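Worksheet: the structure to be examined is printed underneath.
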Amino acid sequence: MTFAIQINHLTRKFNDLVAVNDISFEINEGEIFGLLGPNGAGKTTTLAMLSTMLKPTSGSATVNGMDIKNNEDGVRKSIGIVFQDQSLDEELTAWENMDFHGRLYRLQSDVRRQRIEELLELVELKDRKDDIVKTFSGGMRRRLEIARGLLHHPAVLFLDEPTLGLDPQTRNHLWQYIAKLSKEHGITIILTTHYMEEADRLCNRVAIIDHGKIIALDTPANLKDGIGGDVVNIRSPDPSAVVSVLEVPWISRIEKQYDGQVTISLQNAEQHVSTIVMLLNSNQIAIESISIHKPTLEDVFLSFTGKTIREEEADGKANMRMYQKMMRR
């Protein structure tokens, strides 16, 4: 197996804030790899280091076989980036945005024209090539940014929260493009997101990052299977009593959550619901609600951190604002 990216003990500090904390992993060629976590978890900082926009405090990494510290130009020539914040010139047309980017990479004029035509067709914007970008919808702009990032034939494409702020229909449309890029063109894609469904649907493997550390890394299926079966959520006025009564061998995991809800993992939950209700009733423990669902990556995150990603999202916003300011210095 050939690695597109190798990361060894990569760390980045901003004064006393450790944004990325001693992470190590490899990404295979042609893989769609997801960095999943809330705002402020370290996703964007990791991409900034891998794309040579930010120097690591310590550790090392290679992209397409080139060291991010000793061969910055080589790394930059082999990657494409779609930033979290839009970077298109709204006063230029789609074609002019692409052409300007191609000139920056010193693509010959005939190659540049051919690539622009091919990529605008790929993202279904060929008919809008002469339209000014400020007339485009959010989804159209994202597609144009992806096309622009592919103009110079990069081996690796970084997508930083590519569907942030888009409506569900447009987001689903972009997922189809991303999957097509990987499958038909063999491009290695590193995707940062805090949308669990996005990571589950697109990624061959997922690394869950929280507070700068990798807390889990595997395929979405393996991560969900590792929870131990189906997930049952029980809401009761006395969650501690629920936990005490249901500590039985056929329940693989039981935890009281932040909101008083009790989460249970077990195999074939439908067959055990009646037994759970009988046990709680016989111990005179009231049940407000009970639900069953198959494990999701949200459940995986909850299992590893004790919080939902939405809670971590709230906790991480202050840190994210802090180190965004530091990254601009």
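The values are calculated or read from the model by the stated rules, or taken from the named source; none is laboratory data. Here the structure is a predicted model, which is why all the values come from computation and not from measurement. When we count neighbours, we look across all protein chains shown, and the Cβ atoms used for this are built from the backbone with ideal geometry, even at glycine.
Remark: pairs (first residue in the stretch 30-51, free of Cβ contacts under 8 Å to residues at least 12 places away in the same chain and farther than 26 Å from residue 221 by Cβ; second residue among the hydroxyl-bearing types (Ser, Thr, Tyr) and buried (at least 24 other Cβ atoms within 10 Å of the Cβ); Cβ separation under 7 Å; 6+ apart in sequence or on different chains) are absent.
Being surrounded by fewer than 19 Cβ atoms within 10 Å (Cβ to Cβ) and under 17 Å from residue 118 (Cβ atoms) is the filter here; which residues of the stretch 141-180 pass it? Correct list: 153, 177, 180.
Screening residue 101 with (1) in the same structural domain as residue 18 (by TED's automatic domain parsing); (2) within 27 Å of the chain's Cα centre (by Cα) gives one miss only, at (1). Within the stretch 182-230, the set of residues being assigned to a helix (DSSP H, G or I), surrounded by fewer than 22 Cβ atoms within 10 Å (Cβ to Cβ) and among the hydrophobic types (A, V, I, L, M, F, W, C) comprises 196, 221.
Among the residues making up the stretch 78-96, a single one is modelled with pLDDT under 90 and of a type in the set (Ser, Thr, Tyr): 87. The set of residues in the stretch 161-185 that are of a type in the set (S, T, N, Q) and in contact (Cβ under 8 Å) with a residue 60 or more places away in the chain contains only 182. The helices (runs of 4 or more DSSP H) found wholly in the stretch 38-153 and carrying at least 3 residues that are in contact with a strand residue (DSSP E or B) (Cβ under 8 Å, 6 or more places away or on another chain) occupy 43-50, 138-149.
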